[in-house]
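> There's a structure below that I have some questions on.
The values are calculated or read from the model by the stated rules, or taken from the named source; none is laboratory data. None of these values were measured; they are calculated from a predicted model. Cβ coordinates were reconstructed from backbone atoms using ideal geometry, including for glycine residues, and neighbour counts include every protein chain displayed.
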Amino acid sequence: AKAWILRHQFVGFPKASDFEMKLEELPDPKDGARFVLIHRAYSRARMKEGDVMIGRQVAKVIVSKNPAFSVGSYVVANCGWRSFVLSDGTELTPIVSDWPKDIPLSFALGAIGMPGLTALYGLEEICQLKAGETLLVNAAAGAVGSVVGQIGKIKGCRVVGCAGSDAKVAYLKELGFDQAFNYKTVGSLEEALREASAEGYDCYFENVGGEFSSAVMPQMKPFGRIAVCGSISLYNDTVPQTGPYIHAHMIFKQLKMEGFLCHRWSYKNEESLRRLLAWVTEGKLRCQEHITQGFENMPAAFMGMLQGDNIGKAVVQV
Ligand code: NDP
């Protein structure tokens, strides 16, 4: 089996030479898998040189001595960038039963998987989003952001999204976002945010961090809520960014800001995945995937995702 290893710890933006493909011996099979892979934007923080790259995959069980996983069934496997894997079952989650035939299984890595759950929990548990409120989300055309905005619409909110290309902005409008703009081409981010919602924002779903976040803070409404999901604009920094400092906005507007990891609510994942699946089958939640073909193209697809190549979930088909 093949595996992609982190050869050198990333310094700044990842380079092709930071990755290395290795062959792994597979011992006698207990459970086996063949899969489609995803990338996670924050993998770098959790890896050291020599580790297999972190990633989840939809995998087909091809050999099994474990009665919980029958041959031919599909699982979401948290097994890294590997072409085949042997597992004792601990890092495998069966795909929800009665998965509709017309819905691609790879959606279990996107809107009906960890990114969808992240969107749902950030909005419901942290933002406590209510109908009629105004919601802002950045990296809005990505795996998490596109679900955030659509759940905002399902809940009867006014949704503003921003993304890094005109094609992505057009996609956000197609998804039903009320306002969308390209943060790379607007002259002033502050003005673009004000234009999109003159009265400000009740909730802010934060994927980007850094300067973007600094521009949003003054435009939060009193008692606004901020779900800090990610800070992708900072992941490749070699020198940490500083300030501006946000305390005055936090105090005088009495804002609530909370970071979260989606696994905090994993005890309700099964019910939550069913809600997401129902929205997809009802046509209320649309998903797009950015599919790269071939295991050998994993590093290129990962670097492309960090550069914003993807509309929707970045997936590699093996
Ligand atoms: P995406 O599919 O959204 O892909 C990343 C996107 O981020 C790119 O397409 C790009 O879009 C945007 N981006 C990249 N660099 C910058 C930058 N410097 N400034 C602004 N935007 C940038 O990724 P995910 O949906 O998988 O993840 C979104 C965020 O959520 C990430 O920060 C990730 O780490 C986080 N996350 C957190 C979880 C949690 O449990 N807390 C779980 C899952 C994800 P564009 O063209 O718009 O710039």
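> Step by step: first the residues of segment 141-152, then only those that are in contact (Cβ under 8 Å) with a residue 60 or more places away in the chain and either more than 10 Å from the ligand (Cβ to nearest atom) or part of a loop (DSSP other than H, G, I, E, B) (or both), then the one that is farthest from L117 (Cα to Cα). Which residue is that?
Per the stated criteria, the residue is A141.
> Against the condition more than 14 Å from the ligand (Cβ to nearest atom), over 18 Å from L276 (Cα atoms) and not in a loop (DSSP other than H, G, I, E, B), how does V159 come out, does it pass?
When the stated conditions are applied, V159 passes them.
> Taking helices (runs of 4 or more DSSP H) that do not extend beyond segment 178-268, which have at least 3 residues that are in contact (Cβ under 8 Å) with a residue 12 or more places away in the chain?
Output list reads 189-196, 210-216.
> Return the only residue of K168, K173, K184 being surrounded by 14 or more Cβ atoms within 10 Å (Cβ to Cβ) and among the basic types (K, R).
Within the list K168, K173, K184, the selection yields K168.
> For segment 149-165, name all the residues that are within 21 Å of A215 (Cα to Cα) and either within 10 Å of the chain's Cα centre (by Cα) or charged (D, E, K, R) (or both). Lay out the reasoning, then the answer.
Taking segment 149-165 first, the residues within 21 Å of A215 (Cα to Cα) are 149, 158-165.
R158, the sole residue that qualifies.
> Tell me, yes or no, whether segment 245-253 has at least one residue that is in contact with a Pro (Cβ under 8 Å, 6 or more places away or on another chain), over 26 Å from F212 (Cβ atoms) and either away from the ligand (no atom under 16 Å from the Cβ) or not assigned by TED's automatic domain parsing to the domain that holds S231 (or both).
No, segment 245-253 contains no residue that is in contact with a Pro (Cβ under 8 Å, 6 or more places away or on another chain), over 26 Å from F212 (Cβ atoms) and either away from the ligand (no atom under 16 Å from the Cβ) or not assigned by TED's automatic domain parsing to the domain that holds S231 (or both).
> Now for a separate question. Based on this model, can you work out whether G89 counts as in the same structural domain as C229 (by TED's automatic domain parsing) and either under 25 Å from H263 (Cβ atoms) or within 14 Å of the ligand (Cβ to nearest atom) (or both)? If you could, list the steps in order and put the result at the bottom.
On the way: in the same structural domain as C229 (by TED's automatic domain parsing): no; either under 25 Å from H263 (Cβ atoms) or within 14 Å of the ligand (Cβ to nearest atom) (or both): yes.
Criteria not met by G89.
> Please go through segment 254-288 and pick out each residue that is closer than 23 Å to S214 by Cβ and either of a type in the set (D, E, K, R) or buried (at least 16 other Cβ atoms within 10 Å of the Cβ) (or both).
Residues satisfying the conditions are L255, K256, M257, E258.
> Evaluate segment 123-136: report whether one residue or more is surrounded by 22 or more Cβ atoms within 10 Å (Cβ to Cβ), within 16 Å of the ligand (Cβ to nearest atom) and in a strand (DSSP E or B).
Yes: segment 123-136 contains one or more residues that are surrounded by 22 or more Cβ atoms within 10 Å (Cβ to Cβ), within 16 Å of the ligand (Cβ to nearest atom) and in a strand (DSSP E or B).
> Considering (1) of a type outside the set (D, E, K, R); (2) over 23 Å from the mean Cα position of the chain (by Cα); (3) within 16 Å of the ligand (Cβ to nearest atom), say which one Q219 fails and leave the rest.
Every listed condition holds for Q219 apart from (3).
> If you go through segment 269-312 one residue at a time, how many are assigned to a helix (DSSP H, G or I), within 15 Å of the ligand (Cβ to nearest atom) and over 19 Å from V75 (Cα atoms)?
Going through segment 269-312 one residue at a time, the tally reaches 7.
> Kindly indicate which of E20, E49 is under 24 Å from L234 (Cα atoms), over 19 Å from the mean Cα position of the chain (by Cα) and at pLDDT 70 or above.
Result of the check over E20, E49: E49.
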